[in-house]
Each structure stands twice: as structure tokens, then as C-alpha cells.
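Undergrad: Before anything else, here's the structure in question.
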Amino acid sequence: MMRNRRRTGVRRYLNVMNVAVFLTVLFVLVPLYFMVVSSFKNPNTIGQSLQLWPAQWTVKNYTYVWTASHFGRNILNSLIVSVCSTILVLALGSMAGYALGRLPMRGKLPILMTLLMISVFPVIGVIAPLYVVLRTIGWLNSYQALILPYTAFNLPFAIWILRNYFLGIPREMEETGRIDGASPMRTLVQIIMPQAAPGLFTAAVFCFTACWTEYLMALSFDSNTNMHTIPVAIGSALSTIYTVPYGPYFAASCMAAVPIGILVLVFRKSVVSGLTSGAVKG
């Protein structure tokens, strides 16, 4: 009787979890489906009726995005800013995470708590002082005006992920490097980093996504049209005073989502492994 009750309870739990997962996936996929489908609809028919499938497919929205705006330039700007910020975050975060996780150091807990508070600090609270600083040093409307703030705001999260992942690597590997006379930096680069590849991929994907989709700082620090990133271009360059071009909005959003989708699909196993390691270790 007890075994039957347990089995029944487990089955009910699994059924509830399956329903919850299905609803979550449906909640995510339905808006994506309508975004993709609407990007191929005639701009004049969008919003008139709920169509699950376009009556007539067209690429006018994509053509409008490329011809009526500098969207190619916007993609290049986002790519430069996101890649440079991600590289800086990985370089600095790996060294800081290794030091906090594996090297003897005083004050680790206060440092980690400070990093945690910085990671949840609202961006809007520092927009004004950052704008004044960037204007004073003449960095407005430049790539570094976004690269450095993006690096600063994404670095704490990356440090937490990498530190937790470094904690799961056997210390015997470091001891082998010390016996061979390797310095801490050489040990990190040649021994630890290859073992921490899933954690690095996880931090890279999250950092790149955060930089690729960030809007507030990009709008505030780079007002020049030639320096606009994708979110700012979608929010301002494509719209006019009298109309809201929903078709081009959907088309531009689809093009902007392609790099993120590729990253997630290519590195999905590494991302899951990195998040799981960070959740159970440390």
C-alpha cells in the first residue's frame, strides 16, 4: 500500500511538472511564433485580425528595414560593443573568479557580497553620473562609452559563475602545475581554463545577450544615429511621428534574435553544464 501511494504521488508530481513545463514553453514560444509570422505579413494587415498563418507572404518588412534605415550599421555597432565587452568580462572575470575561489585571500565574503549587490543594482540609478563622467572625458557617442559600462555591470555575475565552477575543479591539477614550477597565471591559463570551458561559455552567452539587448545606456550615451545599437534603432530610427511600423519592428526583432538563438543552440550543453555546476557548488 505504501509503495502504491508513493508511486501515485510521484506520478501526480511528474504530471504537474510536465504541465508546468508545457505551459512555460508555450508562454515563450507563442510570442516568438507571432513575431516571426508577423514579420512576413503585409504591413497594412498586421493587427486587423488574428491570423495564425499569413494569407500572403512578403519580405517588404525586411526590405524596409535595410533600405529605410542604417540597420546594417546598427548590427555592426551592437556586434562590436557586445563582443568587446564579453571578451573583457571573460578575461577579468576568470582571473577574479580564480582568485576568489582557489587562492588564499582575506575578505572574500565581503567582496562576494559586494559583487552580489552590484549585480542587482538598477542601471537607471547610475545613468546620470555616468553621463556626466563620459561627457567630461569626451567619450559620448563612442564605442567605449558602452563597452566599459557593460563590462562593469556584467562582471559581477560572471565572477560568481566562474568562481563556482572553479571550485569544482580538482585541486590536484593545480598542485601538479605548482610542482612543475608554473605560476598562478600560467596555471589558470593552461590548466584551469580548459577545464572550465562550460563555465566560460555560460558567462559569455549571458554577457553577450545582456549587451546585445541593453537599451537604456545605449540610448543615453550614444545619441548619434551612426552609433545606435539594435535596440535603440528599433525603438527610434524605425518609427515616425505619425505611424508605428509594426511590420519592420517584427522584422528587425527577428534579425536581432538570430545571433542569440545561434549562440544558445550551439553552446546549449555547455550553458546547462555551467549553470548546473554553479548551482550546486561553492
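All of the numbers you see were taken from the coordinates with simple rules; none came from a lab. As the structure is a prediction and not an experimental result, all values here were calculated from the model. Glycine also receives a Cβ, built like all others from the backbone with ideal geometry; neighbour counts cover every protein chain displayed.
Undergrad: Can you tell which of 106, 171, 11 shows the greatest fluctuation in a Gaussian network model of the chain with Cα springs below 10 Å?
TA: So, out of 106, 171, 11, the one fluctuating most is 11.
Undergrad: Between residue 15 and residue 260, what FRET efficiency follows from the Cβ-Cβ distance if R0 is 45 Å, with the result rounded to 0.05?
TA: In this case the efficiency is close to 0.90.
Undergrad: Largest first and to the nearest Å, give the Cα extent of the stretch 142-232 along each principal axis.
TA: Cα extents, longest axis first: 56, 21, 16 Å.
Undergrad: How charged is the neighbourhood of residue 147? Take every other residue with its Cβ under 15 Å from the Cβ of residue 147, and add Lys/Arg as +1 and Asp/Glu as -1.
TA: With Lys, Arg at +1 and Asp, Glu at -1, the net is -2.
Undergrad: Just to be sure I understand, if you calculate Rg and Dmax of the Cα atoms in Å for this structure, which of [x] 20.3, 77; [y] 23.4, 76; [z] 18.6, 53 do you get?
TA: Correct label, based on the coordinates given: [y].
Undergrad: For the chain, modelled as a GNM with alpha-carbon contacts under 10 angstrom, which of 100, 109, 14 fluctuates the most?
TA: 14
Undergrad: Would you calculate a helix-derived [θ] at 222 nm for the chain, using -39,500 (n - 2.57) for each DSSP H run of n ≥ 4 and dividing by the full residue count, to the nearest 500?
TA: -23000 deg cm²/dmol
Undergrad: Something else: In the chain, which helices (entire DSSP H runs) extend 15 Å or more along their own long axis, judged by Cα positions, while averaging at least 0.5 on the Kyte-Doolittle scale?
TA: Within the chain the helices that satisfy the rule are 2-39, 71-102, 108-119, 144-167, 197-213, 246-266.
Undergrad: Under a GNM of the chain (C-alpha, springs under 10 Å), which listed residue has the highest mean-square fluctuation: 86, 243, 213?
TA: 243
Undergrad: Given the Cα atoms of the stretch 65-164, and with Rh set as the inverse mean 1/r over their pairs in the Kirkwood sense, what is Rg to Rh to two decimals?
TA: With Rg and the Kirkwood Rh in hand, the quotient comes to 1.08.
Undergrad: Sort 217-228, 145-156 by the packing proxy (mean of other Cβ within 10 Å over each peptide's residues), most packed first.
TA: 145-156, 217-228
Undergrad: Here is a further query. With charges only on Cβ, +1 for K and R and -1 for D and E, what is the dipole size of the chain about its Cα centre, in debye, rounded to 20?
TA: About 1220 debye.
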